[in-house]
Amino acid sequence: MSIETSPAVPIGESQIREAVERLAPWVHLTPVATSRTLDERAGASVFLKCENLQRVGAFKFRGAMNALLQLDDASKAAGVVTHSSGNHAQALALAGKLLGVPVTVVMPDTAPPIKQAATAGYGATIRLCEPTLAAREAAVADEIARKGLTLVHPFNDWNVIAGQATAAWELLDQVGPLDAVVVPVGGGGLLAGTALAVKARSPETLVIGVEPERADDARRSLASGRIEPSGDPQTIADGLRTSLGERPFAVISRQVDRIETASEAAIVDALRFLWERLKLVVEPSSAVVVAPLLERKLDLEGRRIGAVLSGGNVDLGPFFDALAARWL
C-alpha cells in the first residue's frame, strides 16, 4: 500500500479528547517514573509512562475499552471477536466482562498456556487455530459469519487507535511539554495514536517509534512509503513481531518523524536496567524504547523525552522454576 492510497484518518484532537473523557471511569491514570541514573545514561530528562501498570498490564486496555464503549446495543448483545495471542486478547476479554459484552478470541494453538488462562479467566471464549495469520483470519471470518460478531482488531481499528492515543495525551498532561515522545511499534496502533495525540498538541515535538533490528518492518515501510511485511522475525520482543496495519500506517507515514531500531543485546540490557534500577517489571517490548536512550542513539541529549512502557506481562515461570530448582 502506498502513502497516496492510504485511508483518510478520521481522528483529530476532538476525537482524542472524547476518548479521554470516555475512558476516564475505566482506565488507570498510570504513573510517570523518572530515574536520575537513566537521565545520566541518556544525557536527557526522561519520563517513563508506566502502562505496564495499566489494567491487564498493558496499554491495550485503552483501545479495547474505547472500541467496546462505542458499539450499539445490538452489537454489544451479539458480542465481539478478535485474534490475538497477547495483551489485546486479555484487554478485550476484560473490557467485555466489565461491559457485559460476550468476547471470542481466536488464538494460535502455540500461544503460551499462561496467556490462554489469563484470557479465559476474564471470561472470554477461546478458539484455537493453527499459528498462521491466514488461519487466524479464517477463524475470525467464520465466527462473524456464524454468530454475527463484530471484529475488534488489535490495531487496525480507528476506535482502538483513538483509545491508545490517550496514553500520550495523559503523559503530556502529567509532565508538560516534551521535545520527543518515544514508543514501541509492532502493529502500529500505539505509535499512530501517540503521533495523533502529540502532534495535535505540540506539532514540533518529535514522535519516534522503536522496534527490534530483527523486526524492522516499520523502518522499512516508512522509508519505502508502503507497508513492508515483517515475515517471521525472531526477537525477544515478541509483542513487536507483527506487520503494520493499513490504518496505523496511514498515520505513521505522515506524522511519525522516524523509526529507530534496537539490537537484541540492547533490549536485554534495557530490560535488566528497568528491572534492577527502577524496579519496574516490564516485558521486552517495553524495554525496546529504553534501549536507544541508554545507548544515546537518538541524538536528543539535553532534551525532555517521554517514553511509553507499553506493558508488563512477562511469563515468570522459568525464573521461579530456576529459583526453586536451586533453593528448594
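Results, tabulated for the structure shown:
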quantity	calculated
Cα centre as origin, Lys/Arg/Asp/Glu Cβ charges: the chain dipole, Debye	520 debye
Integer Hz, Karplus 6.51/-1.76/1.60 couplings in order for the range 25-42, x for Gly and Pro	x, 10, 9, 7, 7, 6, x, 10, 9, 10, 8, 4, 5, 4, 4, 5, 5, 7
Charge sum, other residues only, whose C-beta stays under 11 Å from Thr30's C-beta, Lys/Arg counted +1 and Asp/Glu -1	+1
Flagged links, alpha-carbon separation over 23 Å, of Lys60/Lys97; Lys49/Lys279; Lys60/Lys297; Lys49/Lys199; Lys49/Lys97; Lys97/Lys147	Lys60/Lys297; Lys49/Lys97
Eligible aspartates and glutamates near Lys76 by straight Cα distance, threshold 18 Å, same-chain separation 8 or greater	Glu143, Asp157
Förster radius 41 Å - calculated FRET efficiency between Glu301 and Arg146 (Cβ-Cβ, nearest 0.05)	0.15
Among Ser14, Ser75, Ser263: highest mean-square fluctuation, GNM of the chain, C-alpha pairs under 10 Å	Ser14
Whole-Å semi-axes of the ellipsoid equivalent to the range 61-151 (Cα gyration tensor, √5λ, descending)	20, 16, 10
Around Ala120: net Lys/Arg minus Asp/Glu count, Cβ-Cβ under 12 Å	+3
Beta bridges per DSSP with both ends in the chain, % antiparallel, nearest 5	10 percent
[x] 58, 42, 39; [y] 58, 56, 39; [z] 75, 44, 40, with the label sought being that of the calculated Cα extents along the principal axes in Å	[y]
Translational diffusion coefficient (Stokes-Einstein; Kirkwood radius from C-alpha pairs) of the range 218-328 at 4 °C, 1.567 mPa s, in µm²/s	81 µm²/s
Exposure proxy ranking, count of Cβ atoms within 10 Å, fewest first, for Thr82, Thr242	Thr242, Thr82
The range 161-179 residues near the modelled Asp257 label - backbone nitrogen below 17 Å, point 7 Å along Cα→Cβ	168-169, 172, 176-179
Longest DSSP-loop-exposure-free segment, GluC sites (Glu not before Pro), the chain, at most 11 other Cβ within 10 Å	1-203
Placed amide H near Thr242: partners under 5 Å, 5+ positions off or other chain	Gly187
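Coordinate-derived values only; no laboratory data. Just so you know, these numbers come straight off a predicted model, no measurement behind them. Backbone-built Cβ (ideal geometry, glycine too); neighbour counts: all protein chains shown.
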